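Read through the structure below, which is laid out as structure tokens, and then see the notes.
The values are calculated or read from the model by the stated rules, or taken from the named source; none is laboratory data. Note that the structure is predicted; figures quoted are calculated from it, not measured. Because the Cβ atoms are built from the backbone with ideal geometry, glycine has one as well, and the counts that use them run over all protein chains shown. The protein model used for the area step is the full one, side chains on, heavy atoms only, and it has no ligands, DNA or RNA in it. Shrake-Rupley method; radii C 1.70, N 1.55, O 1.52, S 1.80 Å.
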Amino acid sequence: ETACYTLLAEDYMRRKYEIDEIFWDSYNVQPSSTYFGSHNGLFRQLPATAKEECGIYDPRKRPWFVAASSGPKDVVIVLDVSGSMSNNGRMDLAQKAAITVVETLTISDRVAVIAFSDYAYQVHRGTDLL
């Protein structure tokens, strides 16, 4: 459904880019790209750019997408740091997941990281977990 809606946006973006080209040509400047990002991560960019690998750019992690799709958040990340997390790369997976969450936060969000094993404690900046 969203892909169909973006086709309408793409038509508008194409017309806008053509108008921008006419304007910026008088200054010998290439117009900037036009972007569209939907609530579910569908992304359109004109003019399109070719990439060597697909899927590296995820607009859902971009600040403009996060800010538009939700308001300020209070986030608590809870990490198990017990010995069992050293099995099968679990700690690496947990840290990567936590980093992914943090990368989606904006300046208006608040975050706390709680680690636990035998007891729970708040993790502060500068420790090995962050």
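Annotations
- Expected 222 nm ellipticity per residue - DSSP helices of 4 or more, -39500 (n - 2.57), all of the chain, to 500: -11500 deg cm²/dmol
- Heavy-atom accessible area for Y57, with the other protein chains in place and a 1.4 Å probe, reaches approximately 110 Å².
- Gaussian network model of the chain, springs between alpha carbon atoms under 10 Å - residue of L79, L42, L93 with greatest fluctuation: L93
- Debye log10 I(q)/I(0) at q = 0.13, 0.15, 0.19 Å⁻¹ for the chain, Cα point scatterers: -0.75, -0.88, -1.11
- Violating pairs (Cα-Cα greater than 30 angstrom) within the set K51/K96; K16/K73; K16/K96: K16/K73; K16/K96
- Exposed-site-free run, longest, the chain (rule: GluC sites (Glu not before Pro); DSSP loop; at most 12 other C-beta within 10 Å): 54-130
- Looking at the chain, the accessible area is 75 square angstrom per residue; that uses a 1.4 Å probe and ignores ligands, DNA and RNA.
- Summarising the amide proton neighbourhood of T34: residues at separation of 5 or more, or on other chains, whose placed amide H is nearer than 5 Å comprise L46.
- Note on the chain: with neighbouring protein chains present and a 1.4 Å probe, carbon and sulfur make up 56 percent of its accessible heavy-atom surface.
- Antiparallel DSSP beta bridges within the chain, as percent of all bridges there, nearest 5: 55 percent
- Around the amide H of I77, modelled in the peptide plane, lie the amide H atoms of A112, V113, I114, all under 5 Å away and 5 or more residues distant in sequence or on another chain.
- Loop-resident trypsin sites (Lys or Arg not before Pro) (DSSP state other than H, G, I, E or B) in segment 26-90 with no more than 12 further Cβ atoms inside 10 Å of their Cβ: K51.
- Spin-label pair R110-R60: with each label point 7 Å from Cα along the Cα-Cβ axis, the two points sit 2.7 nm from one another.
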